[in-house]
1. Tell me, what % of the accessible area of the stretch 48-204 is carbon and sulfur with a 1.4 angstrom probe?
2. Roughly what angle does helix 106-117 make with the longest principal axis of the chain, taking Cα atoms, 0 to 90 degrees, to the nearest 10?
3. Can you give the extra length, in nm with one decimal, that the chain gains between D78 and R4 once fully stretched, where that is 0.36 nm per residue apart less the Cα-Cα distance?
4. Just to confirm the number: angle between the C-alpha axis of helix 137-165 and the first principal axis of the chain, 0 to 90 degrees, nearest 10?
5. Only loop residues by DSSP count here, and only those with at most 16 other Cβ atoms within 10 Å; note down the trypsin sites (Lys or Arg not before Pro) in the stretch 1-104 that meet that.
6. Please determine, in degrees from 0 to 90 and to the nearest 10, the orientation of helix 177-189 with respect to the longest principal axis defined by the Cα atoms of the chain, where the helix direction is its Cα long axis.
7. When 1/r is averaged over all different Cα pairs and the result inverted, which Kirkwood radius in Å belongs to the chain?
8. Report the paramagnetic label zone for R185: residues of the stretch 22-62 whose backbone N is under 11 Å from a point 7 Å from Cα along the Cα-to-Cβ axis.
Amino acid sequence: MVRRDFQTEAGPIALLECDPGPTGVPPVLLVPGYTGSKEDFVGVLGQLAAAGHRAVAMDQRGQFESPGPDDPAAYTVDALARDVRLVLADLAGADRRPVHLVGHSFGGLVARAAAVADPAAVASVVLLCSGPAGIGGNRKQRMEELRPLLATGGMPAVYEHMERLAAGDARAAAAPPELRAFLRRRFLASSAVGLEAMGEALLGEPDRVAELRAT
């Protein structure tokens, strides 16, 4: 598994890659969700490579090791989808072979936008735990509660609040200390501007299922 940076005009995009060498099957690009990162896919990259795929997971701009701009306009779904399309083009190579595209949660909304913008670049689209539009209900209310914390206490205050909410979750409590340390380090390394702007995008994304179907 190789860690590398892919350069864009908005800054570097951090990638994790497993490349089995030439096999004749399409590459796979995996896009993480809100507050996620490329490391969310560590458990499947090796399996995809074993099946012959060049498997690549990315941080979206502003996530973990992909430092993003301080402009909220840089974190719209369409702006994030442009990064995905650039990585797709890089993986496609000179012969522009289509790439399998996987998006988790908010990353699925971004992947969908990329596929709608350039269907020929994509061999298939997998939307993993992605709804048809922006979130609502209790999840929306929880995100709204975090907004003033981010404004007054920054990323540490938001993370501590999230930790308190997860205190009763047996799965979270059972996480190994090294995983808990990584999750904290990842969150605090991410962009506060990106967190708020991507949150707005996650709340406001329209239903684009028909557009995706039309591709």
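1. 57
2. 40
3. 24.3 nm
4. 80
5. R96
6. On a 0 to 90 degree scale, this one is about 90.
7. 17.8
8. In the stretch 22-62, the label zone of R185 (backbone N under 11 Å from the point 7 Å along Cα→Cβ) covers no residue.
The values are calculated or read from the model by the stated rules, or taken from the named source; none is laboratory data. Because the structure is a prediction, the values reported are computed rather than measured. Reconstructed Cβ throughout: ideal geometry from the backbone, glycine too, with neighbour counts over all protein chains shown. In case anyone asks, the SASA skips ligands and DNA or RNA and just uses the protein heavy atoms, side chains included. Shrake-Rupley method; radii C 1.70, N 1.55, O 1.52, S 1.80 Å.
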